[in-house]
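Structure first, commentary second.
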Amino acid sequence: MPSGRRVPGEFALRYWPALLVLSGTLAFSGVALARDIHIKKMSTADLKQVCEKVNGSFTQGPKRYGCGTDCKGKPGTECIVTCESGRRCIAQVIGARVPHTAEQALAPHKRH
């Protein structure tokens, strides 16, 4: 093959391993950002009270209710707790935190 001449598909063959690693890294990095943690059951009134305490945003639908914060003390969607009547609530938090209560999941994270 003469130098300077390109073969169709050369780019894909030359760089596919790097593209594969990059796409795998991006796919798995999203999994590590947030995790679902089951916490105790809470009534609508209890979660609403916690939500007000942590300055979150409370929402309620026909079957589910929830609260969200920015994980820094303001309303947002980075840290959320959702509940369904009669079932355990689910907290979604960023990072390696493992909250045991809705307040721990929604309140600003204190670094030690």
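The values are calculated or read from the model by the stated rules, or taken from the named source; none is laboratory data. Since the model is a prediction, treat every value here as computed from it, not as a measurement. Cβ atoms come from the backbone with ideal geometry, glycine included; neighbour counts cover every protein chain shown.
Please note which strands (runs of 3 or more DSSP E) are completely contained in the stretch 14-112 and include at least 3 residues that are surrounded by 15 or more Cβ atoms within 10 Å (Cβ to Cβ) and either within 16 Å of the chain's Cα centre (by Cα) or modelled with pLDDT of 90 or more (or both).
Filter on the stretch 14-112 gives 64-69, 79-84, 89-94.
Given the condition modelled with pLDDT of 60 or more and either of a type in the set (Val, Ile, Thr) or touching a helix residue (DSSP H, G or I) at 6+ places or on another chain (Cβ under 7 Å) (or both), answer yes or no: does some residue in the stretch 4-11 qualify? Among the residues of the stretch 4-11, not one is modelled with pLDDT of 60 or more and either of a type in the set (Val, Ile, Thr) or touching a helix residue (DSSP H, G or I) at 6+ places or on another chain (Cβ under 7 Å) (or both), which makes the answer no.
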